[in-house]
Amino acid sequence: MKFSIKKLIVFIMVCTFLFQDTILYYYNSSFVNSLDELFILLYATIAIFYCIGNGKINRTSFFIFILSIIYLFIGFISGVINSNYQIYNLLMGGFLVVKVYILIFSVINVPLKKNTSIYIVEAIKFAAYICAIVGIFNFILPNLYLKIFPFGFTDYRLGFTSVMSLFIHPGIYGWFMLFTAFYYFSEYTRKKEKKLIYSFFFFSVMAILSFKVKVILAILVVIVVYVYVIENRKIKATQIFSTIGLLSIIWLFFGRLIYNTYTLYFTQTDTISARYALSHTSLEILRDYFPIGVGFGKFASWFARINYSEFYYKYGINDVYGLDPQNPFFGTDTFWPAVIGETGFLGFVVYCVLLIYIFKRLYSIYKKNKDNHFCLFSILILVQALVESSGEPIFNSSPQNIIIGVILGLALSKRKGYNAKNSILYA
């Protein structure tokens, strides 16, 4: 095969974004740490000049842009009115929240070339198989794994080690394996090749080895959405019994894990968890600072963590383990509490409208051409991200925000083209 410099560059970039945090373990650089933000800013600059030069803007991207601006305005104004703000923290806190939508806007208006998109998919598949191999090794020989990959840590669940492979956390590993599984599933819906459905089951099992409840829930929710929303199939009695049987099996194997996670997130015990504290307090802020919250960088977000927010003291959660000012390492373990706490009821509504709009546009594109498996893939990973956002800031964090943003942007773009050999279909 002819050597391609462009393909090599794409592979390096994809792997760099995927394993950005792992690279930081070995090479702690501010440039590497900010690589995803720099990429988005560069892409956005190109897109803006492209739109200005051509005198036009994609309609879908325009609505995404307007909704993002409205959300930014709410978070900025609430910070000025209700908190001890710093302009830099307000601006950067807002950018971190909407950067994935800035990337979607940019890709829609300046979509990647066909062969570049093909290389990205190939790089993702390559990285997924490598991660799966290392993940199996991580699962079978966890102690030896830690000696070879010291950035990992041991987290036993149900008596098994929670796999993280080449990532720094099982949650990222579980997301990526399931992300890849859904690509194979969407490809299978068009090609109907057995090897594709086998790949879907393989990567789904690999994802489950993370033993993250959000991953297990994502599998169930995405399947339900695909069958009853995307394909709009009628509910039959046999399907109800099958679903009950499946849920019973899941509860048999993962019931204790699901119950413990529910307790951690939504109930108050003798020891208050950081996630419960953030979730519960966000509702108090919703009430006390109705309707616009306390502003960007002030609650359950990165800047609220590194520039310790005064609202943690005000609501008495500064002594909760993982939220204390000396080591608030659980301060960004949630997503929706930040949306609710920082932008209140109005921000929450606008953010939901933004996500619903993107989903409806993808669904509309797919309904017009059901052979468009790439668009179907985009819908599935968006639903997956929504489920997983219950337990992490997936729309803000790298590598998820970069990968999801590029894929959704491509699916929403007006570019059309089909390559049967490489199995890439654009919206």
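We did not get these values from a lab; they are worked out from the coordinates using the rules stated. The shown structure was predicted, so the numbers you read here are calculated from the model rather than taken from an experiment. We place every Cβ from the backbone using ideal geometry, glycine too, and count neighbours over all the protein chains shown.
Roughly speaking, what is the centre-to-centre gap between the range 63-136 and the range 284-345 when only Cα atoms are used, to the nearest Å? Result: 21 Å between the Cα centres. For the listed residue pairs K147/K212; K114/K214; K56/K113; K56/K298; K125/K370; K212/K368, the alpha carbons are over 30 angstrom apart in K114/K214; K56/K298; K212/K368.
With contacts taken as Cα pairs under 8 Å and at least 6 residues apart, the chain reaches a relative contact order of 22 percent. Overall, the range 5-412 carries a charge dipole of about 1780 debye about its Cα centre when +1 sits on the Cβ of Lys and Arg and -1 on the Cβ of Asp and Glu, all other atoms neutral.
Close amide H contacts of F299 (hydrogens built in the peptide plane, cut-off under 5 Å, sequence separation of 5 or more or a different chain): A304.
Of the trypsin sites (Lys or Arg not before Pro) found in the range 151-213, those in coil by DSSP whose Cβ has at most 16 other Cβ atoms within 10 Å are K192.
You can think of it this way: the chain between K147 and I258 has 36.9 nm of extra reach, that is 0.36 nm per residue less the Cα-Cα gap. Remark: the range 284-291, residue by residue, has Karplus-estimated 3J(HN,Hα) of 5, 5, 4, 6, 6, 10, 5, x Hz, where x stands for each Gly or Pro and the curve is 6.51 cos²θ - 1.76 cosθ + 1.60 at θ = phi - 60°. Helix-only arithmetic for the chain: the sum of -39500 (n - 2.57) across DSSP H runs with n ≥ 4, divided by the residue total, places the mean residue ellipticity at 222 nm at -23000 deg cm²/dmol.
Dimensions of the chain based on its C-alpha atoms, expressed as ranges along the principal axes with the largest first, amount to 60, 59, 52 Å. Once backbone amide H atoms are built at 1.01 Å from N, R157 has S162 as its partners under 5 Å, excluding neighbours fewer than 5 places away on the same chain. Think of the range 5-412 as a dipole: +1 on every Lys or Arg Cβ, -1 on every Asp or Glu Cβ, centred on the Cα centre; then among H280, V225, L144, V225 lies furthest on the positive end.
Each label was represented as a point 7 Å from its Cα along the Cα-to-Cβ direction; for K113 and F137 these points are 3.6 nm apart.
Averaged over residues, the count of other Cβ atoms within 10 Å places the peptides 127-134, 288-295 in the sequence 288-295, 127-134, highest first. Simple spin-label estimate for S364 and S29 gives 4.3 nm between the two label positions (7 Å along the Cα-to-Cβ direction from each Cα).
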